[in-house]
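Below is one structure; the comments refer to it alone.
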Amino acid sequence: MRIPCPYCGERDLSEFVCRGEVATRPDPTTLSAGLDALYLRDNPAGPTREHWYHAQGCRLWLVVERDTRTHAVTGARPAAEAGS
Ligand SMILES: [Zn+2]
């Protein structure tokens, strides 16, 4: 699998570290919502948005759009610009 880093270009998966799917921030006033956000994952089959860190390149956090069924990457942009 290859990931198109906006700064380094298309790079091999081995240069990146995946943190997992992009999650919405939980309601800070509810303990159970915070615990759910920490420990429960949706693990969807299909298009998803994930955080990837370009550890062997520009050291930028990216939001990568990937189909979990085919591993087709349809986009990547800096997490700071993606608002997550
Ligand atoms: Zn990069």
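The values are calculated or read from the model by the stated rules, or taken from the named source; none is laboratory data. Owing to the predicted nature of the structure, the values given are computational and were not obtained by experimental measurement. All Cβ positions, glycine included, derive from the backbone under ideal geometry; neighbour counts span all protein chains shown.
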## Note on the structure
Checked against (1) assigned to a loop (DSSP other than H, G, I, E, B); (2) touching a Lys or Arg at 6+ places or on another chain (Cβ under 8 Å), T24 satisfies every condition except (2)
## Note on the structure
Of (1) on the phi > 0 side of the Ramachandran plot; (2) of a type outside the set (A, V, I, L, M); (3) at pLDDT 95 or above, N43 fails just (3)
## Note on the structure
Taking first residues from the stretch 38-59 that are among the basic types (K, R) and second residues anywhere that are outside any loop (DSSP other than H, G, I, E, B) and at pLDDT 95 or above, the pairs with Cβ under 7 Å that are 6 or more apart or on different chains are R49/V63; R49/E65
### Task
Kindly provide the set of residues from the stretch 67-84 that are assigned to a strand (DSSP E or B) and free of Cβ contacts under 8 Å to residues at least 40 places away in the same chain, ordered by number.
D67, T74
### Message
I'm checking my understanding of the structure. Among residues of the stretch 2-33 that are more than 13 Å from the ligand (Cβ to nearest atom) and in contact with an Asp or Glu (Cβ under 8 Å, 6 or more places away or on another chain), which one is modelled with the lowest pLDDT?
### Response
P26
